[in-house]
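Report on the structure given below.
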Amino acid sequence: MNCLFCKIAKGEVPAEIIYEDEKFLVFKDIHPKAPIHLLIVPKKHIPSINHLELRDKELMGELFLLSQKIAREKEVAKKGYKLVLNVGRGGGQLIDHLHLHLLAGWTPPTHHPSEKERNIPGMP
Ligand code: AMP
Ligand code: ZN
């Protein structure tokens, strides 16, 4: 299948992987929109939220629990972070393999995000 994130999961395309287990891969976004910009990716090829099936419900729960774990490990859990899930072209999704963006690391911690930073990555 000609899917970039499947290729990364299979090791056929390089990425800066920071976490991997049997079901998930976490790697750095190649065009970061925040000081910390990670993609949390189920290895299973699900094109988008629109394609979720009932049998994926546990996997989706695990996806969010993993985002919590990664946020803690990156020491941004307390300061706060942004989780973004783009769905479809109109929602800014460019890669048709479901993934959760974790964006964080703005300083100072009391910083109020600018209009630009509040924008969802990939949105026009
Ligand atoms: P989305 O627009 O939600 O589909 O997000 C796709 C994200 O994948 C974008 O933020 C891209 O910068 C990122 N991206 C594209 N190619 C790569 C790659 N080879 N390695 C890491 N991130 C990538
Ligand atoms: Zn895929």
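Nothing in this text is a laboratory measurement; each read-out follows from the coordinates by a stated rule. Keep in mind that what you see is a predicted model, and the values were worked out from it rather than measured. Every residue, glycine among them, receives a Cβ derived from its backbone with ideal geometry; neighbour counts consider all protein chains shown.
Quick look at the numbers
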item	result
Gain upon complete extension [Glu16, Thr107; 0.36 nm per residue less C-alpha separation]	30.4 nm
Extension gain (nm, one decimal) between Arg55 and Leu4, 0.36 nm per residue minus Cα-Cα	16.0 nm
Helix 57-73 axis, angle to the chain major axis (alpha carbon atoms, nearest 10°)	40 degrees
Distance (nanometres) between label positions extended 7 Å along Cα→Cβ at Leu94 and Gln68	3.1 nm
Table column - 3J(HN,Hα) (Hz), segment 88-102, Karplus curve with 6.51, -1.76, 1.60, x for Gly and Pro	x, 4, x, x, x, 7, 9, 10, 7, 9, 3, 7, 10, 7, 10
Dipole in debye (nearest 20) - the chain, about Cα centre, beta carbon charges: Lys, Arg +1; Asp, Glu -1	240 debye
